[in-house]
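Asker: Sharing a structure with you now.
The values are calculated or read from the model by the stated rules, or taken from the named source; none is laboratory data. Computed from a predicted model, the values in this text were never measured in an experiment. In this analysis, Cβ positions are derived from the backbone assuming ideal geometry, glycine residues included, and neighbour counts consider all displayed protein chains. Quick note on the areas: whole protein, heavy atoms, side chains included, nothing else; ligands and nucleic acids left out. Shrake-Rupley method; radii C 1.70, N 1.55, O 1.52, S 1.80 Å.
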Amino acid sequence: MGGHMALSFEEISHAEFAGGIAARPLHMLFGHWDSLRGGAVLPERRRFRPERLPRDIVPHIGLVRVVRQAGTLTFEYRIIGSAMNPLLGREATRLTLSDREQADYCLALHQLYSLAVQTHAAIRWEACNLHYNGDRRCVRRLCLPLAEHEGGRVGSLLFSSHAETLKHGERAEDFRGDSIMAIAARRPVQVCARRPPPAMAA
């Protein structure tokens, strides 16, 4: 990634990760993903059915296909919920992200997705209090890996983003005057520790 900054991250417990998801769409999506795992590290892609989620959550969900080629990872947006297109600023279905991205925002997303693939873990980044496109917003992101088949490698990623306008007086870092990667480096991405299967749980 050349001279670009890398995101920092920290592993937290399953209980802390789940309890810290404030936005309802993200909380519901994580709960559904977690329930599909059973005793496995990852749920299989075929087990995920968006129709089993509350209908008001579906517009906040996206699906990314993981493409491996020549030792690199590329991510292709397959489904983008209608509520997330305004956050992206354009229709992103079929767009791809690679490790050759130059724009900080795209590079940060590529690193988030790569971390989920490499760790086989749920990822959340609640980088709040940013100026987002000139607005004062708190943006929360969740990324959840799905296995190609039982016990297989990560083939897809579920994701959701949720933005809230900051209340008057709330502190906001200047997103327009600072690199998103510089801000991201100061705000660790949180990685969910693997929950032990039921037979191993204390």
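Asker: Has the range 160-175 got any residue that is of a type in the set (S, T, N, Q), modelled with pLDDT under 90 and in a helix (DSSP H, G or I)?
Answerer: Just the residues of the range 160-175 that are of a type in the set (S, T, N, Q), to begin with: 160-161, 165.
Add one more test, that the residue is modelled with pLDDT under 90, and what stays is 161, 165.
Restricting the remaining residues to those that are in a helix (DSSP H, G or I) gives none.
So far as the range 160-175 goes, no, none of its residues is of a type in the set (S, T, N, Q), modelled with pLDDT under 90 and in a helix (DSSP H, G or I).
Asker: Please go through the range 57-67 and give me each residue that is surrounded by fewer than 18 Cβ atoms within 10 Å (Cβ to Cβ) and not in a helix (DSSP H, G or I), ordered by number. Full working, then the answer.
Answerer: Residues of the range 57-67 surrounded by fewer than 18 Cβ atoms within 10 Å (Cβ to Cβ): 58-59, 65, 67.
Once the filter is applied, which keeps residues that are surrounded by fewer than 18 Cβ atoms within 10 Å (Cβ to Cβ) and not in a helix (DSSP H, G or I), the range 57-67 yields Arg65, Val67.
Asker: Further, regarding this structure: Just one of His32, His27 is more than 18 Å from Tyr113 (Cβ to Cβ) and either open to solvent by less than 70 Å² (accessible area, probe 1.4 Å) or aliphatic (A, V, I, L, M) (or both); which is it? Before you say what the answer is, go through the steps one by one.
Answerer: Working: His27 fails: either open to solvent by less than 70 Å² (accessible area, probe 1.4 Å) or aliphatic (A, V, I, L, M) (or both).
None of the others qualify; the one that does is His32.
Asker: Moving on. List the pairs whose first member sits in the range 138-157 and is under 18 Å from Ser35 (Cα atoms), whose second member is of a type in the set (Lys, Arg) and assigned to a strand (DSSP E or B), and whose Cβ atoms are under 9 Å apart, counting only residues at least 6 apart or on separate chains?
Answerer: Leu142/Arg124; Cys143/Arg124; Ser156/Arg65; Ser156/Arg78; Leu157/Arg65
Asker: Could I ask something else about it? Filter the range 68-111 down to the residues that are at pLDDT 85 or above and part of a helix (DSSP H, G or I), then identify the one that is surrounded by the most Cβ atoms within 10 Å (Cβ to Cβ).
Answerer: Top of the filtered list is Gln111.
Asker: Also, quick follow-up: Tell me yes or no: at least one residue of the range 44-56 is assigned to a strand (DSSP E or B) and surrounded by 17 or more Cβ atoms within 10 Å (Cβ to Cβ). Can you show your working first?
Answerer: As a first pass, look at the range 44-56 and keep what is assigned to a strand (DSSP E or B): 44.
Applying the additional criterion that residues be surrounded by 17 or more Cβ atoms within 10 Å (Cβ to Cβ) yields 44.
Yes, the range 44-56 contains at least one residue that is assigned to a strand (DSSP E or B) and surrounded by 17 or more Cβ atoms within 10 Å (Cβ to Cβ).
Asker: What single numbered condition from (1) buried (at least 19 other Cβ atoms within 10 Å of the Cβ); (2) out of contact with any helix residue (DSSP H, G or I) (no Cβ under 9 Å at 6 or more places or on another chain); (3) assigned to a loop (DSSP other than H, G, I, E, B) fails to hold for Ile21?
Answerer: (2)
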